[in-house]
Amino acid sequence: MSSEFQWNKAMNVGHDRIDFEHKMFLALIKNIADAYRLNKPKEFLTRLLIELERYASFHFCSEENIALEHGEQNAEFSAHHRIHEYLLKELRTRIRRHHAGEEDSMAIVTFLIDWFGRHTTQDRERVARFSTGSEPDPAPRASGSGKT
């Protein structure tokens, strides 16, 4: 298993539930990458992508509820909610393109790895602010070229 699919302490955001959900998210990305590497049928890959999309939708709702519970303010909450909506829309578009044969599975895996790295970094910074009122300790950031 490559290092981009191994959970490490730097990925922790400091909230047990969010960290647990992020670990699950990473496992789902690994499943997709493994299926691609093992040349599984396109329909199976599409189903794994749909599973990830549904989990992402659940996770984003869960994360937003936690943020509201911890008093995140309307402007910051709304901005992060828009990011979640954009990411879900982008993922759904990529799933449709993959199913239609217009996007390679590896391109989606690369997008997901980058998305995960950026998302967990942003969450780490947000969670530190709304749970402790301070900025988090520095941690390595994931590299990549996808949008968040």
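The values are calculated or read from the model by the stated rules, or taken from the named source; none is laboratory data. Please read these numbers as outputs of a predicted model, since none were measured by experiment. Counting neighbours? That spans all protein chains shown, and the Cβs are built from the backbone with ideal geometry, glycine included.
Just a few scattered comments:
- Test: Glu21 is among the acidic types (Asp, Glu), touching a His at 6+ places or on another chain (Cβ under 7 Å) and part of a helix (DSSP H, G or I): yes
- Test for Gly14: is it modelled with pLDDT under 85 and over 16 Å from Gln122 (Cα atoms): no
- Complete set of residues in the stretch 36-55 that are within 16 Å of Phe111 (Cα to Cα) and of a type in the set (A, V, I, L, M, F, W, C): Leu45, Leu48, Leu49, Ile50, Leu52
- Hits in the stretch 19-34 (condition: in contact (Cβ under 8 Å) with a residue 24 or more places away in the chain and in contact with a Leu (Cβ under 6 Å, 6 or more places away or on another chain)): Leu28, Ile29, Ile32
Per-residue answers, yes or no, for (1) more than 14 Å from the chain's Cα centre (by Cα); (2) small (Gly, Ala, Ser); (3) within 21 Å of Thr121 (Cβ to Cβ); (4) surrounded by 14 or more Cβ atoms within 10 Å (Cβ to Cβ):
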{"residue": "Tyr55", "(1), (2), (3), (4)": "no, no, yes, yes"}
{"residue": "His59", "(1), (2), (3), (4)": "no, no, yes, yes"}
{"residue": "Ile66", "(1), (2), (3), (4)": "yes, no, yes, yes"}
{"residue": "Glu72", "(1), (2), (3), (4)": "yes, no, yes, yes"}
{"residue": "Glu76", "(1), (2), (3), (4)": "yes, no, yes, no"}
{"residue": "Ala79", "(1), (2), (3), (4)": "yes, yes, yes, no"}
{"residue": "Thr93", "(1), (2), (3), (4)": "yes, no, no, no"}
{"residue": "His99", "(1), (2), (3), (4)": "yes, no, no, yes"}
